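The values are calculated or read from the model by the stated rules, or taken from the named source; none is laboratory data. In this text, all values refer to a predicted model and were calculated from it rather than measured experimentally. Every residue, glycine as well, gets a Cβ built from its backbone with ideal geometry; the counts of neighbours run over all protein chains shown.
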Amino acid sequence: RLTGSVLVAQVDGSLRGEGLADLRLMGGCNGDLRFEDGQSLTAELIAGDLRLHDATEARLNRVRGDVWIEQVLGEVQVTRADGDARLNDIAGPVKIQALAGDLRGTALTGGLTAPHVNGDAMLHGPFGTTDGYTLSAEGDVSVHLPEDADLRLTVKAGGRIRSDPQLTPATDGSPTFTATLGSGAGRMSLSSGGDLRIDQVGVETCARAAPDPLSNLGERIRRQVSASLAAAGIDIETGEIRWTRGGRARETRASRPPTAERPRQTTRPRSPDEQITILKMVEAGQITPEEAEMLLKALGA
C-alpha cells in the first residue's frame with residue numbers, strides 16, 4: 001500500500017487512492033477515480049465518475065462522469081464536469097466553472113461559485129458568511145435556508161419565483177429581486193432559467209398566512225379588465241364591439257352584467273408596483289404587450 005505523495009502519468013482503468021498525502025494524476029484516468037482519507041487530489045482528466053471522501057483539497061480539470069465530493073476541509077475546484085455533481089460538507093470555497101448535469105449542494109459553508117449549470121440546482125444550508133454564493137442554472141433552482149440565515153439575496157428567474165422570505169423588486173426596472181436576512185453578512189446571487197423556490201425554516205408558515213399583496217395581482221387585474229370591457233360593450237371572448245343603432249354599446253346581460261359597475265367604481269389608479277409587475281409579466285412571456293396595454297388602461301392609465 002502506497003502512502004505519502006504519488007504521481008501518476010496515465011491509468012487505463014479505474015484508480016483508487018486511500019490515505020495518500022498527495023495524489024497527482026498528470027494524464028488521464030480511463031475509468032472511475034476514488035480518493036478517500038487523504039489530503040490533496042489533483043487530476044487532469046477522469047473519463048468516469050469521481051468519488052472523493054474526507055480530504056483536504058481537490059483540483060480537477062475535467063470529469064466526464066458524475067462528481068461526488070464530501071467532507072473536504074479546504075478548496076474544491078472543478079473546471080468542467082459532464083455529469084451531475086453532489087457536494088456535501090465542504091468548509092472551503094467551491095468553484096465549478098461548467099456543469100452539464102444537475103447540482104446538489106449541502107453545507108457548503110466556504111461559499112460556492114457555479115456560473116454555468118445546465119441542469120437543475122438545489123442548495124441546503126448551513127451557509128457561511130465569509131465567501132459568497134453565485135449560482136446560475138438553466139433549469140430550476142431550489143434553496144433551503146436555515147432559520148438563522150444571515151444573507152443578502154439577489155435573485156432572478158425565467159419562470160415563477162416562490163419565496164418564503166419577502167422579496168423586493170429592484171428599482172432599476174430589471175427582473176431582479178432582493179431580500180436581506182439577518183444582518184445580511186453573506187451574499188447569495190441566484191439566477192434560474194426555470195422556476196426559483198426559496199424555503200426558510202420558521203418563515204414558511206408566516207409567509208403562507210400572510211401572502212405577498214402582489215401575489216394575486218395578475219388575476220385581480222384580469223378581473224378588472226374583464227369588467228371594464230364588458231361595461232364598454234366589448235365581447236370578452238371574441239373581442240367584438242356590440243353597437244346599437246344610436247352608436248352606443250348595446251346593454252345586454254351577456255355583455256354588461258349587473259355587477260360589472262362595481263369593479264369600475266373600486267378601480268384605483270395604478271401603483272408603481274403594479275406597473276413594474278405588469279412589465280415583468282411581459283418580459284417573462286406571461287402576457288403579450290397588447291394585453292399589458294389593456295391592463296394598464298384598465299388600472300387607470
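Which residue out of 105, 92 is closer than 26 Å to residue 182 by Cα, part of a strand (DSSP E or B) and modelled with pLDDT of 95 or more?
Criteria check complete, one pass: 105.
Just to be sure, is residue 51 charged (D, E, K, R), surrounded by fewer than 17 Cβ atoms within 10 Å (Cβ to Cβ) and under 19 Å from residue 76 (Cβ atoms)?
Against the criterion (charged (D, E, K, R), surrounded by fewer than 17 Cβ atoms within 10 Å (Cβ to Cβ) and under 19 Å from residue 76 (Cβ atoms)), residue 51 does not qualify.
Restricting to the range 1-39, name every residue that is β-branched (Val, Ile, Thr) and either touching a Lys or Arg at 6+ places or on another chain (Cβ under 6 Å) or surrounded by 12 or more Cβ atoms within 10 Å (Cβ to Cβ) (or both).
Scanning the range 1-39 gives 6, 8, 11.
Select from the range 285-301 the residues that are modelled with pLDDT of 70 or more and assigned to a loop (DSSP other than H, G, I, E, B) and write down the one among them that is farthest from residue 161 (Cα to Cα).
Checking each candidate, the answer is 288.
For the range 111-147, what are the residues that are surrounded by fewer than 19 Cβ atoms within 10 Å (Cβ to Cβ) and either under 13 Å from residue 184 (Cβ atoms) or aliphatic (A, V, I, L, M) (or both)?
The answer is 122, 129, 132.
Read through the list (1) within 17 Å of residue 107 (Cα to Cα); (2) within 9 Å of the chain's Cα centre (by Cα); (3) in a loop (DSSP other than H, G, I, E, B), then give the number of the only condition that residue 147 fails.
Looking at each condition in turn, residue 147 falls short on (2).
Which pairs have Cβ atoms under 7 Å, sit 6 or more apart or on different chains, and link a residue in the range 96-125 that is under 19 Å from residue 149 (Cα atoms) to one that is assigned to a strand (DSSP E or B) and of a type in the set (Phe, Trp, Tyr)?
111/133; 112/133
Six or more apart or on different chains, Cβ atoms under 6 Å: show the pairs whose first residue is in the range 134-156 and within 24 Å of residue 202 (Cα to Cα) and whose second is hydroxyl-bearing (Ser, Thr, Tyr).
Final answer for the pair search is 141/192; 150/129; 150/183; 152/180; 154/178; 154/189; 156/176; 156/191.
Show the residue pairs that are 6+ apart or on different chains and have beta-carbon atoms under 7 Å apart, the first residue being within the range 179-204 and within 15 Å of residue 164 (Cα to Cα) and assigned to a strand (DSSP E or B), the second being hydroxyl-bearing (Ser, Thr, Tyr) and modelled with pLDDT of 95 or more.
197/142
Could you list, in sequence order, all residues of the range 179-193 that are surrounded by fewer than 16 Cβ atoms within 10 Å (Cβ to Cβ) and within 25 Å of residue 284 (Cα to Cα)?
Correct list: 180 only.
Are there any strands (runs of 3 or more DSSP E) wholly within the range 1-79 with 1 or more residues that are more than 19 Å from residue 95 (Cβ to Cβ), among the β-branched types (Val, Ile, Thr) and touching a residue at least 12 places away in the same chain (Cβ under 8 Å), and if so which?
4-8
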